[in-house]
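Written below as structure tokens is the structure these notes are about.
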Amino acid sequence: MKTADLSRRRALMAGLAMALAAGAQAQGYPAKPVTLVVPGPAGGTPDIVARQLAQQMRDALGQNLVVDNRAGANGSIGAGAAARAAADGHTLLMGFAQTMAINPVVFRKLPYDPVADFVPVARLVEFELALAVPASLPAQDVKALVGWLAANPGKAAFGSFGAGTPSQFAGAMFGRAAGLDLTHVPYKGSAPLVTELIGGQVAFGFVVPQVALPHVQSGRLRILAVTGTQRRPGLPSVPTMKELGFETVVAGGWYGLYAPKGTPAEVVERLEQAVAKAMASPALTQFLADQDLTPAYLRGTDFGRFQRAEIARWQAVAAQTGFQAEE
């Protein structure tokens with residue numbers, strides 16, 4: 001047999017062996033509980049979504065999904081840990097817009113590559129932000145807020161739930177569109193931002209609606225607008241920023257499931273099917289409605305295209321607002 005023919009035969013046999021091994025691995029998957037890394041603290045909205053998803057996926061997979069909270073560095077600690085995990089489907093990542101589309105725009109160096117190091121399994125939900133002001137601020141709508149900010153330049157500070165987050169970018173885009181010179185005050189998360197808003201330390205902030213709503217209901221905060229393309233079912237009387245003429249102020253986030261790069265395609269497909277079944281369950285549907293989160297299931301390949309488009313979109317937003325990437 002010629003050397004070239006022998007090399008081709010060996011390559012074919014090696015490929016067949018790898019395919020058989022992957023198939024056998026998928027057939028026995030999952031062989032143990034699956035770890036779901038959430039790059040945020042326990043008790044946050046991503047965490048409770050992950051735990052609800054884990055409950056619904058347990059029956060489809062025949063194994064428990066154990067949530068592992070790895071907060072810190074805008075989600076980079078958790079995402080980096082998931083990227084380094086074994087690519088066998090037993091470690092998954094609950095990725096956010098922040099970790100998988102915005103961090104590569106706002107940081108020059110990351111401990112992971114959100115595209116190269118992961119396989120998208122499925123997008124889960126999406127949400128927008130809400131423009132909130134303290135109840136003590138004399139502004140009942142966005143037009144009045146712009147007028148107050150213009151008349152009080154020394155107090156024209158807005159808060160965000162972190163530097164280089166959709167919250168900061170929404171505030172910067174709003175200030176740019178309104179012709180205002182605003183000071184940005186970043187906080188470490190939604191909870192401290194809302195606390196400072198209630199106390200009047202900042203004039204406004206773009207917050208996660210679910211975090212602000214209890215304080216709206218108690219009369220301590222007021223929501224003036226939302227950043228989505230349409231009004232929220234839970235806030236039908238609140239206009240969108242686009243309705244009010246601020247067409248560039250469209251910001252929000254999403255959650256999705258990822259596996260480390262190299263996870264066998266058969267395992268990814270089984271996970272995708274388990275997510276689809278979970279998202280269709282009445283229990284998860286009701287939970288998302290109660291949280292005012294929009295179900296936004298996308299299968300893996302479509303989710304991957306969406307993620308790449310999101311990275312490009314946030315690159316454009318960062319350029320428009322003059323944001324400088326950090327080390």
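Read the figures in this text as sums done on the coordinates, not as results from a lab. Source: prediction; values computed, not measured. Don't worry about glycine lacking a Cβ; one is built from the backbone with ideal geometry, like all the others, and counts go over all protein chains shown.
Below, the figures for the structure above:
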quantity: Residues whose placed amide H lies under 5 Å from that of Val66, excluding near-sequence neighbours; calculated: Val34, Thr35, Leu36
quantity: Translational diffusion of the stretch 231-296, µm² s⁻¹ [Kirkwood Rh, Cα pairs; Stokes-Einstein; 25 °C; 0.890 mPa s]; calculated: 165 µm²/s
quantity: The stretch 283-327 versus the stretch 30-90: alpha-carbon centroid distance in Å; calculated: 18 Å
quantity: Set of aspartates and glutamates with alpha-carbon distance to Lys242 below 17 Å, sequence-local pairs under 8 removed; calculated: Glu128, Asp141
quantity: Candidate aspartates and glutamates - alpha carbon under 15 Å from Lys188, same-chain residues fewer than 8 apart omitted; calculated: Glu196
quantity: Equivalent ellipsoid semi-axes - Cα gyration tensor, the stretch 61-115, angstrom; calculated: 22, 11, 10
quantity: Unit charges on C-beta of K, R, D, E only; dipole of the chain, Debye; calculated: 540 debye
quantity: Cα gyration tensor category, rounded, prolate or oblate, for the stretch 261-327 with a/c compared to 1.5; calculated: oblate
quantity: For the stretch 172-327, the spread of Cα positions along each principal axis, largest first, Å; calculated: 52, 38, 30
quantity: Pairwise centroid distance, computed over Cα atoms, of the stretch 236-275 with the stretch 104-130, Å; calculated: 10 Å
quantity: Compactness relative to 2.2 N^0.38 Å, alpha carbon Rg of the stretch 130-226; calculated: 0.94
quantity: Equivalent ellipsoid, the stretch 177-230 (semi-axes from 5 times Cα gyration tensor eigenvalues, Å); calculated: 18, 16, 11
quantity: Amide H partners (placed H, <5 Å) of Ser160, local residues excluded; calculated: Val185, Tyr187
quantity: Estimated vicinal HN-Hα couplings, Hz - the stretch 37-43 in sequence order (Karplus 6.51, -1.76, 1.60; Gly, Pro = x); calculated: 7, 10, x, x, x, 5, x
quantity: Sequence-distant residues sharing a close amide H with Phe107 (under 5 Å, placed H); calculated: Glu326
quantity: Answer label, with semi-axes √(5λ) of the Cα gyration tensor in Å calculated from the coordinates and candidates [x] 33, 21, 19; [y] 34, 25, 16; [z] 42, 22, 16; calculated: [z]
quantity: Under 17 Å from the Cα of Lys109 - aspartates and glutamates, other chains or at least 8 residues apart; calculated: Asp117, Glu326, Glu327
quantity: Residues of the stretch 79-110 with amide N under 17 Å of a point placed 7 Å along Cα→Cβ from Ala42; calculated: none
